[in-house]
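The values are calculated or read from the model by the stated rules, or taken from the named source; none is laboratory data. This is a predicted model, so every value here is computed, not measured. All Cβ positions, glycine included, derive from the backbone under ideal geometry; neighbour counts span all protein chains shown.
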Amino acid sequence: MSRFALAFMLTVLAGLATGVGSLIALLSKKTTPRFLSVSLGFSAGVMIFVSLVELFGEARAQLSQLWGPLGGWYGAMGGFFGGMGLIALIDRLVPPAVNPHEARAREAAAYEASDARACADEASAKRGAKLLRTGLLTAFVVALHNLPEGVATLFASLQDSRLGLTIALAIAIHNIPEGIAISVPVYYSTGSRKKAFWYSLASGFSEPVGALFGYLLLKPLLNGPAFGLILGAVSGIMIYISLDELLPSAHEFGESHLAMAGLAAGMAVMAFSLALGTA
């Protein structure tokens with residue numbers, strides 16, 4: 001299997017984790033939000049550590065070969081903050097009411113509701129229409145946010161397949177509650193588990209689509225400093241996602257110390273993984 005094929009496959013699997021979240025919400029009889037809190041904290045720990053220790057360092061090293069040590073620093077920082085600015089701009093353009101980064105409480109409530117199924121008996125036609133609109137808007141916004149995440153996973157995997165696997169796993173974990181946030185309101189409004197699942201799964205397809213378009217757009221530039229700048233941007237994107245989305249969500253689903261335990265565990269696992277990889 002070629003390196004690109006492996007990288008693209010990892011991106012697809014990470015994106016389709018929204019479907020896993022949907023299945024958890026629709027099929028499980030006993031939900032475990034504390035476990036999800038630890039998992040999200042773990043994902044944030046992996047992404048933060050690998051972004052600052054591995055990706056940013058690699059971006060700086062590659063750019064330093066072209067522009068010297070000082071130029072490498074400035075180039076890596078430019079890519080880093082450029083990546084943060086890109087995803088921050090996407091957040092800015094999305095209304096807060098339907099932005100998953102701004103609606104953590106809604107996801108937590110939806111997760112708890114999936115256990116009791118209580119709101120199904122209370123739904124009216126008007127409420128059902130509102131829930132359906134919420135689910136569809138959430139699916140659209142999640143798809144929009146997944147575009148840069150797909151690019152991040154693909155380019156990290158092209159740099160190092162082992163690193164790409166780790167990042168794909170971290171992004172897959174954080175896609176699970178997004179799948180829950182989409183599927184629960186759609187299910188309660190339509191009564192169809194099939195529709196809820198497919199809407200949730202479809203939103204995850206934007207991740208490989210974004211990765212493919214990003215690769216085709218940037219491929220002609222990869223021989224120069226562009227790849228180093230892209231790695232810096234990927235680092236910034238993942239730090240933003242971790243601090244703006246994963247950690248707030250982890251706190252919302254469980255107790256703060258559980259989220260921090262997951263964060264520390266994710267960093268420790270990534271640290272040992274990188275150490276073994278260089279041994």
Query raised in the report: Given the stretch 194-265, what helices (runs of 4 or more DSSP H) lie entirely inside it while holding 2 or more residues that are over 17 Å from the mean Cα position of the chain (by Cα), within 18 Å of G150 (Cα to Cα) and small (G, A, S)?
Result: 226-241
Query raised in the report: Can you spot a residue in the stretch 9-27 that is surrounded by fewer than 24 Cβ atoms within 10 Å (Cβ to Cβ) and not in a helix (DSSP H, G or I)?
Result: yes
Report task. Considering each of A105, A97 in turn, give the residue that is within 19 Å of the chain's Cα centre (by Cα), modelled with pLDDT under 90 and not polar (S, T, N, Q). Result -> A105
Report task. Just one of (1) farther than 18 Å from G164 by Cα; (2) among the small types (G, A, S); (3) over 18 Å from the mean Cα position of the chain (by Cα); (4) buried (at least 17 other Cβ atoms within 10 Å of the Cβ) trips up S273, so point out which. Result -> (1)
Report task. Pull up the stretch 186-233, narrow it to residues that are among the β-branched types (V, I, T) and at pLDDT 85 or above, then point me to the one that is surrounded by the most Cβ atoms within 10 Å (Cβ to Cβ). Result -> I230
Query raised in the report: Among A156, A170, A181, which is assigned to a helix (DSSP H, G or I), among the small types (G, A, S), under 10 Å from the mean Cα position of the chain (by Cα) and crowded, with 24+ Cβ neighbours inside 10 Å?
Result: A170
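One line per residue, one yes/no per condition, for (1) more than 20 Å from A250 (Cα to Cα); (2) polar (S, T, N, Q); (3) surrounded by fewer than 21 Cβ atoms within 10 Å (Cβ to Cβ); (4) at pLDDT below 80:
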| residue | (1), (2), (3), (4) |
| --- | --- |
| A44 | no, no, no, no |
| M77 | yes, no, yes, no |
| I90 | yes, no, yes, yes |
| L93 | yes, no, yes, yes |
